[in-house]
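The values are calculated or read from the model by the stated rules, or taken from the named source; none is laboratory data. Fair warning: this is a prediction, and the values are worked out from it, not measured in the lab. Cβ sites come from the backbone with ideal geometry, for glycine too, and all protein chains shown count toward neighbours.
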Amino acid sequence: MNLGSTITGLPYVGKTTLFNLLTGGHAATGAFAGAEGETNVGVAKVPDARVDKLSALYKPRKTTYAEVTYRDLGLAPRVATGAGGHATQAGQGISAQKLGDLRTSDALVHVVRAFRDASVPHVNSSVDPKRDLATLELELLFADHVVVERRLERIEPELRSAKGPEREQKERERVVLQKAMTALDAETPLRDVGLDDEERKIVRGYRFLTLLPQVVVANLDEGDVGAPDTVLGPLREAAAKHRAMSVVSVCAKLEAEIAQLDATEAAAFRADLGLHEPALDRVIHATYELLGLISFFTVGEDEVRAWTIPAGLPAQQAAGAIHSDLERGFIRAEVIGWEDLLKAGSEANAKKQGIMRTEGKTYTVKDGEIIHVLFNV
């Protein structure tokens with residue numbers, strides 16, 4: 001499973017710098033500013049200390065981390081602002097092309113500017129991360145509202161001519177869309193409505209933007225790295241009102257400098273700043289958590305590999321992440337936690353100690369487990 005996330009936000013907030021840091025890319029910054037029709041695409045390896053430790057144990061020919069595909073999509077929504085500069089209503093909106101790009105995402109990474117730099121212009125003339133978050137949120141609400149409104153207009157004549165199961169299906173669709181319209185009229189993101197699985201299935205094809213989980217990344221000033229709560233407080237307060245939204249912080253400028261150092265120097269630099277992990281790791285892990293994803297591992301002398309699946313997946317379906325033949329011919333799975341295997345020192349020792357267990361098709365795979373699938377096709 002390859003997770004696809006779109007990095008977005010207003011111009012000149014550090015989107016492309018963050019994209020380059022996550023993916024090791026070299027996309028032009030500043031002047032790019034999300035020019036119409038341009039989208040940067042790259043892949044980030046998901047840092048995982050568990051993979052590192054398993055690789056040290058097996059010394060495989062190949063080590064493969066889980067991956068996240070990131071797209072850098074610049075937006076320039078034109079939103080009317082009221083007193084205090086806060087967004088009040090959507091303007092001419094995001095282009096249809098970029099809305100289409102956004103709708104193919106599994107999650108949004110929304111970068112807001114919290115750094116002060118007179119040499120970098122701000123489209124709203126002042127630094128206000130909470131306002132900028134509201135600006136883009138309102139544009140996404142507006143875009144979803146247009147989709148719902150148009151579909152409701154079309155569904156009425158369709159209902160008049162539909163019969164039997166087709167009519168029942170369209171009636172259910174109309175009910176869900178009316179529920180969505182009520183929420184959007186109240187400027188409530190659809191992720192907050194609490195749609196059940198059946199309702200989500202009905203509207204899945206519309207790829208509503210306000211249903212997408214969202215990681216808000218505050219791009220900090222260097223002076224705020226050690227004490228970011230002043231900046232993050234208002235953003236966390238805003239995010240707490242919504243489902244599937246989390247807030248993390250980075251200082252993209254500082255991370256770009258650290259990226260030029262070797263691993264030992266980088267670790268020492270972060271330690272001096274009181275940073276326990278790379279800020280970029282927090283962005284990736286926050287995205288994983290919001291999407292409800294976990295990793296399981298396959299190990300051996302050939303390869304140690306992380307596989308990404310949704311939490312709660314049965315073992316037979318999880319096997320399909322490796323190869324469809326494993327899912328189709330699944331017999332059973334040998335399972336052990338990664339820490340238990342490290343303590344045992346080898347799979348042979350784990351079996352002797354009785355900590356390598358056998359599980360069937362319906363077993364729910366847990367994060368960090370090592371799976372060996374027995375199958376026959």
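One residue stands out among those in region 342-377 that are assigned to a strand (DSSP E or B) and aliphatic (A, V, I, L, M): the one that is nearest to ALA49 (Cα to Cα), which is ILE370. For the residues ALA227, ALA271, ALA183, the requirement of being of a type in the set (A, V, I, L, M, F, W, C), assigned to a helix (DSSP H, G or I), farther than 26 Å from ALA27 by Cβ and at pLDDT below 90 singles out ALA271. All told, VAL13 meets the bar of being surrounded by 15 or more Cβ atoms within 10 Å (Cβ to Cβ), at pLDDT 90 or above and not in a helix (DSSP H, G or I). List every residue pair whose Cβ atoms sit under 6 Å apart, with the two residues 6 or more apart in sequence or on different chains, where the first one lies in region 259-278 and is surrounded by fewer than 11 Cβ atoms within 10 Å (Cβ to Cβ) and the second, anywhere, is not in a helix (DSSP H, G or I). Between residues of region 259-278 that are surrounded by fewer than 11 Cβ atoms within 10 Å (Cβ to Cβ) and residues that are not in a helix (DSSP H, G or I), the close pairs are GLY274/GLY226.
From the list GLU289, GLU255, exactly one residue is in contact (Cβ under 8 Å) with a residue 24 or more places away in the chain, surrounded by 19 or more Cβ atoms within 10 Å (Cβ to Cβ) and among the charged types (D, E, K, R). Which is it? Outline the logic, then answer.
Working: GLU289 fails: surrounded by 19 or more Cβ atoms within 10 Å (Cβ to Cβ).
GLU255 is the lone residue from the list that is in contact (Cβ under 8 Å) with a residue 24 or more places away in the chain, surrounded by 19 or more Cβ atoms within 10 Å (Cβ to Cβ) and among the charged types (D, E, K, R).
Residues in region 282-299 that are modelled with pLDDT under 90 and of a type outside the set (Gly, Ala, Ser): ARG282, ILE284, HIS285, THR287, TYR288, GLU289, LEU290, LEU291. Among the residues making up region 179-193, a single one is loosely packed, with under 13 Cβ neighbours inside 10 Å and either under 13 Å from GLU137 (Cβ atoms) or in contact (Cβ under 8 Å) with a residue 24 or more places away in the chain (or both): ASP185.
So which residues in region 194-214 are hydrophobic (A, V, I, L, M, F, W, C), closer than 16 Å to GLU137 by Cα and in a helix (DSSP H, G or I), if there are any at all?
Let us first name the residues in region 194-214 that are hydrophobic (A, V, I, L, M, F, W, C), namely 195, 202-203, 208-209, 211-212.
From what is left, the residues that are closer than 16 Å to GLU137 by Cα are 208-209, 211-212.
The answer is LEU209, LEU211.
Is it true that some residue in region 87-108 is surrounded by fewer than 16 Cβ atoms within 10 Å (Cβ to Cβ), small (Gly, Ala, Ser), in the same structural domain as ALA244 (by TED's automatic domain parsing) and closer than 30 Å to ASP224 by Cα? No, region 87-108 has no match at all.
The residue that is surrounded by the fewest Cβ atoms within 10 Å (Cβ to Cβ), among those in region 58-77 that are farther than 19 Å from THR210 by Cβ and modelled with pLDDT under 80, is ALA76.
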